[in-house]
Each structure stands twice: as C-alpha cells, then as structure tokens.
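Where a number appears in this text, it was derived from the coordinates with a stated rule and is not lab data. Model, not experiment: these values are computed from the prediction. Here Cβ is always computed from backbone atoms with ideal geometry, including for glycine, and neighbour counts include all displayed protein chains.
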There are 2 protein chains.
Amino acid sequence: MTITGASGRPRDPEVDRRITEAAVALFGRAGWAGFNLEAVARAAGVGKASIYLRWRTKELLLAEALGSGLLDVADTDSGTLRGDLVELAHQLLALYMGPSRQAALRMAAEAPTIPEVAQRWDALRESQALAARAIVRRGIRRGEIPAGTSVTLLLDTLCGGVVMHVSSTPAHLQERLAADLDDYAERLVDFLMRAVLTTS
Amino acid sequence: MTITGASGRPRDPEVDRRITEAAVALFGRAGWAGFNLEAVARAAGVGKASIYLRWRTKELLLAEALGSGLLDVADTDSGTLRGDLVELAHQLLALYMGPSRQAALRMAAEAPTIPEVAQRWDALRESQALAARAIVRRGIRRGEIPAGTSVTLLLDTLCGGVVMHVSSTPAHLQERLAADLDDYAERLVDFLMRAVLTTS
C-alpha cells in the first residue's frame, strides 16, 4: 500500500520523519504555547504546504508525532521475565535520556489539556501499560514468579524507578549516568525480582 | 523578626500565601509561557503593586512559591524505617494528587529553562534527596536493613513508584485511586522492604 497525502500523491516517508521529529523537538523546547506549524516547517526544512498536505491541524500533527518515536515502547519476548524487564527498562532509559526527553516530560504535564493529543496520549499509555502487563503475565505463566504477584507494584516501581533515576540526576552527573545505564537497568530489575520472589 | 517588604512595611503573611498559591496554580495551568504578574495579582485578589513590593520579578516570585508548599517534603522520624517510608510515600502522593499536581509536573519539564527558578529547583530537589537518604541511613544505623542496602535503588523505586502510580491512572479512575492511597503507600513500602531484606 502506498501512503498518500490529502493531494493523492504518494507521501515521502523521509519528509514525514523530518516533520514529526521537528514537531517533537519543538514541543519539547516550547510546549503547546509555543507550538506552531511555521516553526515546525522551518526546523524540518520544508514548506508549510508540505505539512498541511499531511496534517490539517497542529493538534493532528502533534498527536501523530507522539506515536512515531516519542512513546515507542515495544513488547519484545526474550524468553525470560528478567530479560524482558531489563529490555523494558532500557527502552524507558533511552526515551528519558535521548532527544525526546523534554517532549516526554512536557507531555506528562500538558497532554491532558491539548485537544486530539489528550486522547492519543491516553491510548498510547494504555497500550504501553498493556504491553508491560503482558510481560509480567508471561512470567507468571512460565512459573518464573508467583501467580499472586502484584503486576501494578512491579511495573510502577520499575517504570517509575527509571524515570526518577534519570530525572533526579543533576545536570553535571548526566554523563556518568549515561555510562552506567546498562548496569543500572540490571540492578534495578534484580532488586525488584527479589521483592517479587520473596513471600511476605 | 518581622518580615518586611521592599517598602520597609511589615508584610502580611496571609497576602503572601494568597500570592504564592495563585502563582503555583497559574504556573500549573499555563506554564512559564503563560506566567505573568497581572494574572497572578488578579487570581490572588491583590494589586500588582503588592506583588512588586515583595518580589522584583516573576522569576523571583515563582522561585519562592516553589519552596512554600509545592515541594514541601519533610523528614519526620517516626522511629521505624517502615513508618518513615510510608510517611514519605504519603507526602508524595498528596503532592501529586493535590492542587499542586499540574505545577509539579510542569516544573519537572520547564524548571531547567527558567532563570532563577532552575537553581532553586535544583537546590530543593537536592535537599529532598538528602532528607530521603537520611531516612534510609537511619534505618541502616538502627539495624533494620543491611548496611549494603542501595539507597539509590530503594528511593528511586519508592518515589518513582508513587509518581508513576498516580500519573498512569486514567482520569476516570482517579476517585478510586484517591480512596486507596493509604493502602497503596503501605503495600508499596512492604514490597520494597522485601527487596531490601532479601539478600541476593
């Protein structure tokens, strides 16, 4: 299937990518108050018409940009719960250490107040939550962790722990943090696996 | 000591409180892009001169408002590590469920880019982190948890878990969430205590 724009002409995926990347970066810098299609076009090096061919409004552009890259947390099945959780921690660490960091933080504060974007944000977070829950449920089915494991507690502390670790590290320690990410993801998962595997 | 404004007249703490509350609420709604002293004065029901008597710039007002209320996480010594951690979880839950929620989320995204506020934000977070670390260190000194406990992992997962739990709950479940907060704080702490008390 060829993706076509409103004009019916085939869309150039490379132009799409440049526009959505520029949209995410601008939103991260300026928030919704500073988000406008002129600035996105300029940063992407395209004409405004190229954007309007693809997205009728800035709400629709930002809603779609959200899905492509900003919140891509995929469920990969590595065969073990520990492996899957380490991979999930890695994906979140990459999101909050990478170029989308500012946009992700702003989105947490602003998404509920932006029309179109609010629904997309809710849907994305729900599908992420389902993917994360699927990881834990597989672990239970494989007998790796007890059937009574609290999926909510395990995922709150894993995902929240990652975000807190990255966002509470002061600027002058970010470089050391980046070098230590692999190690941190493994220590975090091992720590939480002990909580899950110990019956109270 | 009497607190005096720039005019040398004693300041009315009730007016101070109204202004800083209005400042936090406006910042939460509109972010830095929409933050201005006219709107703060209107919302607080005071004249703009009352604000200028106290704060020369909007940066200084927001920086001070941050400290009074928005980020008040106090270190209380309940006598046990479990009690102290439950209290810490409660304070964070109250912050992210209460009227300061929007401002706290926006601050995480925007503080680093606002002059004056950035330094104050860093200092506040550092003093919070020190208070939280003091709680865990007391637990180690009292022999409640092993000396080798990772303070970072315990606090990342406790504080991050709270924030994730509150912010990942969709709007239509917020009421149920509020009713369940006490219970959640205790289950979260017990879960993490198991991780800490189990040697790998």
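Would you please classify the overall shape of the protein assembly as shown from the alpha carbon gyration tensor, given that a ≥ b ≥ c denote the square roots of the eigenvalues, rounded means a/c under 1.5, and beyond that prolate means a/b larger than b/c while oblate covers the rest? Could you put the intermediate results ahead of the total?
Values: a/c = 2.04, a/b = 1.02, b/c = 1.99.
It comes out oblate by the Cα gyration axes.
To the nearest 500 deg cm²/dmol, what mean residue ellipticity at 222 nm is calculated for chain A from DSSP H runs of n ≥ 4 alone, each contributing -39,500 (n - 2.57), summed and divided by the residues?
Value at 222 nm, helices only: -21000 deg cm²/dmol.
So if R0 is 56 Å, what FRET efficiency would residue B:130 and residue A:52 give, r being the distance between their Cβ atoms, rounded to the nearest 0.05? Before the final figure, lay out the partial values.
Working: r = 52 Å, r/R0 = 0.92.
Calculated value: 0.60.
Could you line up B:120, A:133 from fewest to most neighbouring Cβ atoms inside 10 Å?
A:133, B:120
Before anything else, pin down the relative contact order of chain B: Cα pairs under 8 Å, at least 6 apart, normalised by residue count, whole percent.
The normalised contact order for chain B reaches 22 percent.
Taking only the Cα atoms of the range B:22-114, how large is their convex hull per residue, in Å³?
Residue-normalised Cα hull volume stands at 105 Å³.
Quick one: what are the phi-derived ³J(HN,Hα) couplings along the range A:155-170, Karplus 6.51/-1.76/1.60 with θ = phi - 60°, whole Hz, x for glycine and proline?
Rounded to whole hertz, the list is 6, 4, 6, 5, 5, x, x, 4, 4, 5, 4, 5, 7, 9, 7, x.
Within 10 Å of each Cβ in B:162-174, how many Cβ atoms from other chains are there, averaged over the peptide? Intermediate values should be presented prior to the final figure.
Details: counts 4, 7, 11, 7, 2, 5, 11, 1, 4, 3, 0, 0, 0.
What the average comes to for B:162-174 is 4.
What is the angle, in °, between the Cα long axis of helix A:117-141 and the longest principal axis of the Cα atoms in chain A? Nearest 10 is fine, range 0 to 90.
Long axis of A:117-141 versus the principal axis of chain A: about 30 degrees.
Mind giving me the nanometre distance, one decimal, between the label points for residue A:39 and residue B:12, set 7 Å out from Cα along Cα→Cβ?
Calculated label separation equals 3.9 nm.
Below 8 Å between Cα atoms, with a sequence gap of 6+, how large is the relative contact order for the range B:13-68 in percent?
43
Using +1 on the beta carbon of Lys and Arg, -1 on that of Asp and Glu, and nothing else charged, what's the dipole of the protein assembly as shown about the Cα centre, debye to 20?
740
According to the square roots a ≥ b ≥ c of the eigenvalues of the Cα gyration tensor, what is the shape class of the range B:13-68, taking rounded for a/c under 1.5, prolate for a/b larger than b/c otherwise, and oblate for the remainder?
rounded
Karplus couplings for the range A:45-58 from phi (6.51 cos²θ - 1.76 cosθ + 1.60, θ = phi - 60°), rounded to Hz, Gly and Pro as x?
x, 10, x, 4, 4, 4, 6, 5, 4, 9, 10, 5, 9, 5
Quick check: from the Cα gyration tensor, does chain A come out rounded (a/c under 1.5), prolate or oblate?
In terms of gyration-tensor shape, prolate.
Mind checking the full-extension length gain between residue A:173 and residue A:113? Use 0.36 nm per residue of separation minus the Cα-Cα distance, one decimal, nm.
So the chain would gain 18.3 nm between residue A:173 and residue A:113.
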